[in-house]
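Values in this text are rule-based calculations from the coordinates and carry no lab data. Just so it is clear, the structure is predicted and the values come from calculations on it, not from any experiment. Ideal geometry is used to build each Cβ from the backbone, glycine not excepted, and the neighbour counts take in all protein chains shown.
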Amino acid sequence: MSRAKAVAKEPLYHAPLPAILYSAEAERAVLGSLLLHPDLVLNQAFESLSSEDFFVPAHRILFDLFRTMDARHQAIDVLTVHQSLVDSNLAAEVGSPAILAELTASFSSHLNIGTYLQLVKDKSLLRHLHRACSSIVQRIIDEPQSTSAVLDHAEREIFRVTNLSLTRSTVPVSVELRRALDLIDSFHQRKGKLFGIPTGFYELDGLTTGWQKGDMIVLAARPGVGKTALGLSLARQAIRQRYDVEKDAWVQPGHPVGFFSLEMTNAQIMLRLLASVASESLHKIRRGELDDSALEKLRRISADAQEWPLYLDDSSGLTIHQLRAKARRMKDQYKIELLIVDYLQLLRSDSPQARENRQVEIAEISRGLKGLAKELDIPVIVLAQLNRRVEEGKAEPALHHLRESGAIEQDADVVLLLHRLDSEEESPPTEIPYFLHVAKQRNGPTDKIAIRFNALYTRFEDPVRHNG
């Protein structure tokens, strides 16, 4: 191997960190305060910092030791800390007792502990950012042909640092037990009520208790069956209202929703939504056949729609990396609480492996969407296609009918299969019967739910329920 090739594979930034990325003096000031005034600064220091925030290795060891001693209710002073270091065979590594004498001799005032803690914390964040940038540069060198993958990696690294919580503390089980009991009490008090984002369908809400944070929900059907219409019905319900725990009531506006339409334009999406909300015929709207009263109603609804927390993106030909980047920005800018993607098979992956194998590509896209739900901590509803075998012998859809199904079925927390029911009698356009098969639910039961499609207004509804 030539010298040039060997050098190209060496990791970058192997040189010592520049002094601007750490402050040994601030670290000593924090540790000196802990040694001399533990009763005054201990809780504040442990809530603000972890041992990883210290740059000097000996300082990390000492901070961990202080935390351990405090958990054991041991007194913290120069003598007890030195003895603990000796008992743990760490005295030589840390340089005790000399380092303890240095910490106390250079100590100024515990009254400035807030400033010292913030300085140590800020330097730690700069080192995280430095490592992230180093990782990005190394990724550029390693994968210069995969621009989208590099961009996704870069954004993920910077996003992680930006949102990094540098205040970690150990939580005793007593605290978590209280939280668990509070949660159980809230379950009991809200018996029969939703805990997630409402679906808009009575039986589906009963099965799922609403869409849950971090879940990937796959809604699958054959082309032309109504995936987009159902996706918009779900979006409409989510933005309509939310449950306010303090008021114990439903309030408006609802949950902010992001909607990626890879097949239809934003204008087409809005026409469908307005027709659905106004209960006006989409066909008549397109043909310009609405009367003055209907037009006035649409104008009123359009004025109200200005306040809808709905955010649309009709970019076509997106890669999974591009969609993830756009979704992160949606979450950051608009605080979306639900994301809908229409639809999975129109996304692409530009990794070298994906170019050669469609199943590998779908697996990468599916993993990317599930990872996005967890990263943003919101439910992600992904529309998907069923394969043509559903049409053979008029078979009811099942999990194995998912197109390129293996990874999708595995990654999904919930799988919904939409199917139009055949009937010898022709249904009126407002009462086309469907069922929604909850074929998989990781944390709940499965079942088949009757719904209906209102073709005039392009929306799905609960069937009319009769008493008795």
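In whole Hz, with x marking every Gly and Pro, tabulate ³J(HN,Hα) for the stretch 253-267 from phi via Karplus 6.51 cos²θ - 1.76 cosθ + 1.60, θ = phi - 60°.
x, x, 8, x, 10, x, 10, 9, 10, 7, 10, 9, 7, 4, 4
Dipole of the stretch 194-461 (Lys/Arg Cβ +1, Asp/Glu Cβ -1, origin at the Cα centre): which of LEU399, GLN333, GLN212 lies farthest to the positive side?
Of the options given, the answer is GLN333.
I need the calculated FRET efficiency for the pair CYS133 and ALA75, taking r as the beta carbon distance and R₀ as 41 Å, to the nearest 0.05.
Details: r = 43 Å, r/R0 = 1.05.
Using R0 = 41 Å, I get an efficiency of 0.40.
Under the rule of at least 5 residues apart or a separate chain, name every residue whose amide H is placed under 5 Å from the amide H of LYS440.
VAL415
Subtracting the Cα-Cα distance from 0.36 nm times the residue separation, let me have the gained length for THR162 to GLN306 in nm, one decimal. Intermediate values should be presented prior to the final figure.
Numbers: separation 144, 0.36 × 144 = 51.84 nm, distance 3.14 nm.
Full extension of this stretch gives 48.7 nm more.
Distance in nm between label sites at PHE195 and ALA267, each 7 Å beyond Cα in the beta-carbon direction?
Going by the 7 Å Cα→Cβ label model, 4.5 nm.
Using modelled backbone amide H atoms (1.01 Å from N, in-plane), which distant-in-sequence or interchain residues come within less than 5 Å of GLU431's amide H?
Answer set, sorted by chain and number: ALA455.
How high is the FRET efficiency from HIS37 to GLU143, r the C-beta distance, R0 41 Å, rounded to 0.05? Working shown, then result.
Details: r = 51 Å, r/R0 = 1.24.
Between HIS37 and GLU143 the formula returns 0.20.
Trypsin sites (Lys or Arg not before Pro), restricted to the stretch 13-101: which are DSSP loop and have at most 15 other Cβ atoms within 10 Å? Let's see the in-between values first.
Working: sites: ARG28, ARG60, ARG67, ARG72; in loops: ARG72.
Sparse-neighbourhood loop trypsin sites (Lys or Arg not before Pro): ARG72.
Given H placed on each backbone N at 1.01 Å, which residues far from LEU219 in sequence or on other chains put an amide H within less than 5 Å of it?
VAL382, LEU383, ALA384, LEU416
List the GluC sites (Glu not before Pro) within the stretch 302-364 that fall in a DSSP loop (any state other than H, G, I, E or B) and whose Cβ has at most 12 other Cβ atoms within 10 Å. Walk me through the intermediate numbers first.
Working: sites: GLU307, GLU337, GLU356, GLU361, GLU364; in loops: GLU307, GLU337.
The qualifying sites are GLU307.
If contacts are Cα pairs under 8 angstrom and at least 6 residues apart, what is the relative contact order of the stretch 194-461 in percent? Mind dumping the intermediate values first?
Working: 516 pairs, mean separation 68.9, N = 268.
Answer for the stretch 194-461 is 26 percent.
Can you tell me the convex hull volume per residue for the stretch 249-338, based on C-alpha atoms, in Å³ to the nearest whole number? Display every interim value, and only then the final one.
Working: hull volume 9.5 nm³, N = 90.
It is 106 Å³ per residue.
Calculate one ³J(HN,Hα) per residue across the stretch 310-326 by plugging θ = phi - 60° into the Karplus curve 6.51 cos²θ - 1.76 cosθ + 1.60, and present them in order as whole Hz with x for glycine and proline.
Per-residue couplings from phi come out as 10, 10, 9, 9, 10, 4, 9, x, 6, 8, 4, 5, 5, 5, 4, 5, 5 Hz.
Mind listing the phi-derived Karplus ³J(HN,Hα) values for the stretch 94-107, rounded to whole Hz, using 6.51, -1.76 and 1.60 with θ = phi - 60°, and x for any glycine or proline?
For the stretch 94-107, the Karplus curve yields 7, x, 8, x, 4, 5, 5, 5, 5, 5, 6, 5, 8, 5 Hz.
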